[in-house]
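*Asks:* First the structure, then my questions, so here it is.
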Amino acid sequence: MPKIVRIANGQGFWGDSIDAPVRLIEYGKIDYLNLDYLAEVTLSIMQKQKRKTPSLGYATDFVDLMARTLPMIKAKGIRVIANAGGVNPEACRTAILEVARKLGVKGLKIATVTGDDVMDRLQEFKAAGHKLANMDTGAGLFDEELEIISANVYMETACMVEALATGADIVLTGRCTDPGLTLAPLIHEFGWAADDWNRLAAGTIAGHILECGAQSTGGNFSRWWEVPDLWNVGYPIAEVVEDGTFVITKAEGTGGMVTVDTVSEQLVYEMGDPQNYITPDVVADFTSIRLRQEGPDRVAVSGIQGHPKTPFLKVSGSYLKGYKSTGQLTLPGPRALEKAKLCAEIVWKRLEAAGCVYEHTDAEYLGASTVHKGIAFEPADPAEIVLRLSVKDGDRKKVERFGRELAPLVTAGPSGVTGFAGGRPKAQEIVAYWPALIPRELITWKVTVEEV
């Protein structure tokens, strides 16, 4: 019987279910649990946290999860791979080791991978003539003065493979690729070569199917009414063999479903060019994928082809681009939509009279087909409307001034204005995304291991 490696994903983003990974540990019969906490905006938030408090900058939810599950993880021999380290993997490791000491868990080994955070190297890259051109606009990162908040490189999966080779129970990283969390244990377990493009592509696609948690097991499914017990949806498990073929399934007794359709919908999520899905490790061809329903909640995946990796790594950067504010009110009928439009007009005219003209304004009328504007029937006289107003500008004072104009509508607007909840809208920083490429030979990593 061929060796099978069972890998589960228990976290699709920072803020995902806090119970899903616990259920996987308890009932999933898994070898590896990966947890994906990072998105582009998440790293900028973490960087700001770290600047304010040097001991922060990581996914604190991960530490809470370890406090709930470390004894089970150790007893069952489940190895955990998580990018929860954010921009401060060392601090995250320290917090988990402290949890282990409090719980009396002995022999826990944690490996951290660093090197993805290149904020402190930007001037070095600039001096060496690396433009870090925006992949969307072509503009260079250093062409004008920008308030850069974060800059992280999507690391090669080899860094996590090196960390697993230390025998670590937990591998903590910063910005790796989401599929790399699955690919790493497969390379480690099967010894796949760095140029075995088909197997690397297969492991990458397995990771892509897992990476968003329940999206491959019935969550966010277009025919949501067909999904049983969505309240108890099981998170995905990949059963992989050495040749790179695998089955997607979920733990017994959980809700949701695993079908060719649920897996297909996840495959096209953030896919881009289906023949050239580019990662730091391989270029995968999604058109080569073959799916087959093998049984209830079991989808077999095979036929995957891959191509050589590119000479570049992707830099995920962010910078401050002004301020925004949003507030809302509820307007009851009769003539609710008419009242809402009058309220919006009043706000904009009062702001203009105060000398506040914005780079961008927006008015949404929720309840009047705002989401499907232009393609759905707009009710003539809806029973109620939620008016949502937003502004964006580089001048913080102007954005703050906007927040002062909603509450007066309660008594200085049309009758029936209500639902002014959450207090006065505040100005929030706008974080803009800067994707760029950098030669991969410029990026190195370091693996550090600590044990309790």
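Readers should treat all values here as calculations from the given coordinates under stated rules, not as data from a laboratory. It should be emphasised that the depicted structure is a prediction, and the values quoted were computed from it without experimental measurement. As a convention, Cβ positions derive from the backbone with ideal geometry for all residues, glycine included, and neighbour counts pool all protein chains shown.
*Asks:* Kindly establish whether Leu43 is hydrophobic (A, V, I, L, M, F, W, C) and closer than 30 Å to Glu147 by Cβ. Let's see the steps before the verdict.
*Replies:* Numbers: hydrophobic (A, V, I, L, M, F, W, C): yes; closer than 30 Å to Glu147 by Cβ: yes.
Yes.
*Asks:* So for the stretch 24-43 (the condition being among the aromatic types (Phe, Trp, Tyr) and in a helix (DSSP H, G or I)), does at least one residue qualify? Working first, answer last.
*Replies:* Our first condition is that a residue be among the aromatic types (Phe, Trp, Tyr); within the stretch 24-43, this holds for 27, 32, 37.
If we keep only those that are in a helix (DSSP H, G or I) as well, we get 27.
Yes - at least one qualifying residue is present in the stretch 24-43.
*Asks:* Follow-up question, since we're still on this one. Tally up the residues in the stretch 87-114 that are within 27 Å of the chain's Cα centre (by Cα), part of a loop (DSSP other than H, G, I, E, B) and over 28 Å from Glu144 (Cβ atoms), please.
*Replies:* Qualifying residue count for the region: 1.
*Asks:* If a residue must be in contact with a Leu (Cβ under 8 Å, 6 or more places away or on another chain), under 29 Å from Asn34 (Cβ atoms) and crowded, with 20+ Cβ neighbours inside 10 Å, how many such residues does the stretch 118-153 contain?
*Replies:* 5
*Asks:* Further question: Could you list all residues from the stretch 267-314 that are closer than 28 Å to Asp116 by Cβ and part of a strand (DSSP E or B)? Lay out the reasoning, then the answer.
*Replies:* Step one: of the stretch 267-314, the residues closer than 28 Å to Asp116 by Cβ are 267-286, 304, 306-314.
Once the filter is applied, which keeps residues that are closer than 28 Å to Asp116 by Cβ and part of a strand (DSSP E or B), the stretch 267-314 yields Tyr277, Ile278, Val283, Ala284, Asp285, Gly306, His307, Phe312, Leu313, Lys314.
*Asks:* Of everything in the stretch 74-96, what is of a type in the set (A, V, I, L, M, F, W, C) and either in contact with a Ser or Thr (Cβ under 9 Å, 6 or more places away or on another chain) or within 27 Å of Tyr154 (Cβ to Cβ) (or both)? Give them in sequence order.
*Replies:* Ile78, Val80, Ile81, Ala82, Ala84, Val87, Ala91, Cys92, Ala95, Ile96 - these are the residues of the stretch 74-96 that are of a type in the set (A, V, I, L, M, F, W, C) and either in contact with a Ser or Thr (Cβ under 9 Å, 6 or more places away or on another chain) or within 27 Å of Tyr154 (Cβ to Cβ) (or both).
*Asks:* Tell me which of these Val241 doesn't satisfy, since it passes every other one: (1) in contact (Cβ under 8 Å) with a residue 60 or more places away in the chain; (2) touching a strand residue (DSSP E or B) at 6+ places or on another chain (Cβ under 7 Å).
*Replies:* Result: Val241 passes all but (2).
*Asks:* Okay, next question. Scan Ala8, Ala84 and give me the residue that is assigned to a strand (DSSP E or B), of a type in the set (Gly, Ala, Ser) and buried (at least 24 other Cβ atoms within 10 Å of the Cβ).
*Replies:* Details: Ala84 fails: assigned to a strand (DSSP E or B).
Answer to the check: Ala8.
*Asks:* (1) closer than 23 Å to Ser316 by Cβ; (2) part of a loop (DSSP other than H, G, I, E, B); (3) out of contact with any strand residue (DSSP E or B) (no Cβ under 8 Å at 6 or more places or on another chain): which one isn't true of Trp192, the others all being true?
*Replies:* Evaluating Trp192 over (1) closer than 23 Å to Ser316 by Cβ; (2) part of a loop (DSSP other than H, G, I, E, B); (3) out of contact with any strand residue (DSSP E or B) (no Cβ under 8 Å at 6 or more places or on another chain) leaves (1) as the failure.
*Asks:* Show the residue pairs that are 6+ apart or on different chains and have beta-carbon atoms under 7 Å apart, the first residue being within the stretch 168-189 and over 19 Å from Thr114 (Cβ atoms), the second being of a type in the set (Ser, Thr, Tyr).
*Replies:* Filtered contacts from the stretch 168-189: Pro179/Thr204; Pro179/Thr279; Leu183/Thr157; Leu183/Thr204; Pro185/Tyr32; Ile187/Thr157.
*Asks:* For the stretch 195-230, name all the residues that are assigned to a helix (DSSP H, G or I), charged (D, E, K, R) and out of contact with any Leu (no Cβ under 9 Å at 6 or more places or on another chain).
*Replies:* Narrowing the stretch 195-230 to residues assigned to a helix (DSSP H, G or I): 197-210, 213-216, 224-226, 230.
Those left that are additionally charged (D, E, K, R): 199, 226.
The one that is assigned to a helix (DSSP H, G or I), charged (D, E, K, R) and out of contact with any Leu (no Cβ under 9 Å at 6 or more places or on another chain): Glu226.
*Asks:* I want to confirm something. Restricting to the stretch 18-44 and keeping residues that are in contact (Cβ under 8 Å) with a residue 60 or more places away in the chain and under 13 Å from the mean Cα position of the chain (by Cα), which single residue is surrounded by the most Cβ atoms within 10 Å (Cβ to Cβ)? Step through it out loud before you land on a result.
*Replies:* Kept after step one, since they are in contact (Cβ under 8 Å) with a residue 60 or more places away in the chain, are these residues of the stretch 18-44: 20-21, 23-24, 27-32, 34-36, 38, 40-41, 43-44.
Keeping just the survivors that are under 13 Å from the mean Cα position of the chain (by Cα) gives 35-36, 38, 40-41, 43-44.
Values: Leu35: 26, Asp36: 29, Leu38: 25, Glu40: 16, Val41: 16, Leu43: 27, Ser44: 25.
In this case the residue turns out to be Asp36.
*Asks:* Considering only residues that are part of a loop (DSSP other than H, G, I, E, B) and in contact with a Cys (Cβ under 8 Å, 6 or more places away or on another chain), which ones fall in the stretch 395-452?
*Replies:* Applying the first criterion (part of a loop (DSSP other than H, G, I, E, B)) to the stretch 395-452 yields 395, 403-408, 413-417, 419-427, 443-445, 452.
Across the stretch 395-452, the qualifying residues are Gly413, Pro414, Val417, Trp445.
*Asks:* Which one of these is within 21 Å of Thr114 (Cα to Cα) and without any contact (Cβ under 8 Å) to a residue 40 or more places away in the chain: Ala151, Ala158, Ala165, Ala193?
*Replies:* Numbers: Ala151 fails: without any contact (Cβ under 8 Å) to a residue 40 or more places away in the chain; Ala158 fails: without any contact (Cβ under 8 Å) to a residue 40 or more places away in the chain; Ala193 fails: within 21 Å of Thr114 (Cα to Cα).
It is Ala165.
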